[in-house]
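K.L.:
Pasting a structure below so you can have a look.
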Amino acid sequence: MKDRFGLETRGDPRSVEALGEAVAALYAMRPEAMGHLKTAASDPDCALGRMLGAYLGLMSSERGPGAAGVARMGGIVAADAREAAHLSVIRAWAAGDWSGASRRLDDLLEAWPGDPIALNAAHQLDFFLGDAGRLRDRPAAALRAWDGAAPGFAYLHGMHAFGLEECGDYPAAEAAARRALDAAPDDVWAQHALVHALEMQGRSQAGQDLLDARRADWGHDHFLKVHTAWHYALFGLETGEADRVLALHDATVWDGGPDPLAMTLIDSAGLLWRLKLDGVDAGGRWDRLSDEWALRDEGAWYAFNDLHAVLAHCGAGRLERARALVERMAEAAANPDPAATNAQALRAAGLSAARGVLAFAQGDFAASVAHLAPVRRQMAVFGGSHAQRDAWQRTLLVAALKGGQAGFARVLVEERLAERPASAWSQARRAELDALSR
Ligand SMILES: [Fe+2]
């Protein structure tokens, strides 16, 4: 039968309907997606429902939940070319060939440009790969290919906005995000794109005001709630409100409670590390965070997660733990298999970024600069967003300042201010440099 997106989909009609509900909820990042998915995936004939379950496991970014999702999918014999294409993507992704999965998604979307499952998975994978071009271009293509009346069409603008932002086109990102929010005020991904555009221009007050004014649209339960709260705290950090940022961390990012998502730990580590760079002690939060990362040490699956674990271990002063993890990352980087995407990311920048943070924690600022500076323009390769990776850019700048490399620090500060003229944090670093040269 045809699903609500007009694509041939096999399964009991109720399962296919539930799958459509799940996909529509995913575009809005609403948690009820999981209930609908459960209904769809419980039908052995609804192969795409079971495959969507596998995708969601892989989209956790963690090896364990990814493998569990693929195991739950079970053995599926593809009944048509689209199912076979999805299976091929899932197998590549689960095997660690994330770049191969991305190329397979190119092929899939060329053949079925209106496939909402493929586009949703691709957008998340592009984010994991720090692939700004595909983050922008896949939604741009979908905006042209999809029927404007298709469920979820309005959300394509928000996806496009995020890609434009990651490509550095902030005015276009802002315009696309505002267009998306006009069409769908509950579009938390479009709001997130707008927040990123403001963050990258150092417009922290505008960002705080936006999130305050729109709280009714994002304060409910959704997949991006913690991460949006993280962005809100980042705006406060920019203006040096450390106590308030710590309070926001505990109340809205992670309170130290059990079983947090990897994304929550990433947000917590990224925020606390920035505070540490500003000379603020986060106390026992670091120990809890370091222990939680240690519990889910998966042996180098995704550099971006491991890099945040290194921040946590270093923040907690557990340098032996940090050193051991960096050593495992070095072993993973040596994997010569061209299909091992994580190894490539580690070799290109991830391992140097991890070593730069470890050196910083050891107080060896010259070594920190020596590790971080050569890869500072390649960091997108280990994934996440510009705003998230700014933790390593800031580390480099603070290491240069602390290590007495005033000339290089000046270059970094001026580059930051050229992009973010309104950034209070960057202006404060420039003032530090000015004081040094007096
Ligand atoms: Fe973000």
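K.L.:
Give segment 19-47 a look and list any residue that's under 20 Å from the mean Cα position of the chain (by Cα) and of a type in the set (Ser, Thr, Tyr), or say none.
P.N.:
27
K.L.:
Inspect all residues belonging to segment 184-200 and state whether any of them is at pLDDT below 95, over 17 Å from the mean Cα position of the chain (by Cα) and within 19 Å of residue 164 (Cβ to Cβ).
P.N.:
Within segment 184-200, one or more residues are at pLDDT below 95, over 17 Å from the mean Cα position of the chain (by Cα) and within 19 Å of residue 164 (Cβ to Cβ).
K.L.:
When segment 193-233 is examined, which residues are found to be under 15 Å from residue 251 (Cβ atoms) and aliphatic (A, V, I, L, M)?
P.N.:
211, 226, 229, 233
K.L.:
Moving on to the next point. From the list 274, 285, which residue is away from the ligand (no atom under 16 Å from the Cβ) and either in contact with a helix residue (DSSP H, G or I) (Cβ under 8 Å, 6 or more places away or on another chain) or more than 21 Å from residue 202 (Cβ to Cβ) (or both)?
P.N.:
285
K.L.:
Within segment 417-438, which residues are touching a residue at least 40 places away in the same chain (Cβ under 8 Å) and of a type outside the set (A, V, I, L, M)?
P.N.:
419, 420, 421, 423, 425, 426
K.L.:
Now, a different point. Just one of the numbered conditions (1) away from the ligand (no atom under 14 Å from the Cβ); (2) in contact (Cβ under 8 Å) with a residue 60 or more places away in the chain is not true of residue 214; which one?
P.N.:
(2)
K.L.:
Continuing with this model, one more query. When both residues are 6+ apart or on different chains and their Cβ atoms are under 9 Å apart, which pairs have a first residue that lies in segment 245-264 and is under 13 Å from residue 225 (Cβ atoms), and a second that is outside any helix (DSSP H, G or I) and small (Gly, Ala, Ser)?
P.N.:
261/60; 263/60; 263/61
A quick yes/no check of all residues on (1) of a type outside the set (Gly, Ala, Ser); (2) within 13 Å of the ligand (Cβ to nearest atom):
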site	(1), (2)
188	yes, yes
193	no, yes
196	yes, yes
199	yes, yes
202	no, no
220	yes, no
224	yes, yes
227	yes, yes
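K.L.:
Still on this model: Take the residues of segment 229-242 that are hydrophobic (A, V, I, L, M, F, W, C) and within 24 Å of residue 417 (Cα to Cα): which is farthest from the ligand (Cβ to nearest atom)?
P.N.:
Among them, the one singled out is 242.
K.L.:
Right, something else. Given the conditions (1) aliphatic (A, V, I, L, M); (2) modelled with pLDDT under 95; (3) under 16 Å from residue 255 (Cβ atoms), and given that residue 282 satisfies all but one, which numbered condition is not satisfied?
P.N.:
Just one mismatch for residue 282, condition (2).
K.L.:
Right, here's the next one. Picking from 100, 74, which residue would you name as being modelled with pLDDT under 95 and among the small types (Gly, Ala, Ser)?
P.N.:
The unique qualifying residue is 74.
K.L.:
When both residues are 6+ apart or on different chains and their Cβ atoms are under 9 Å apart, which pairs have a first residue that lies in segment 179-201 and is over 30 Å from residue 391 (Cβ atoms), and a second that is aromatic (Phe, Trp, Tyr) and away from the ligand (no atom under 14 Å from the Cβ)?
P.N.:
183/153; 183/155; 184/155
The values are calculated or read from the model by the stated rules, or taken from the named source; none is laboratory data. The structure presented is a predicted model; accordingly, all values stated were derived computationally and were not measured. Neighbour counts are summed over all protein chains in view; Cβ atoms, including those assigned to glycine, are modelled from backbone coordinates with ideal geometry.
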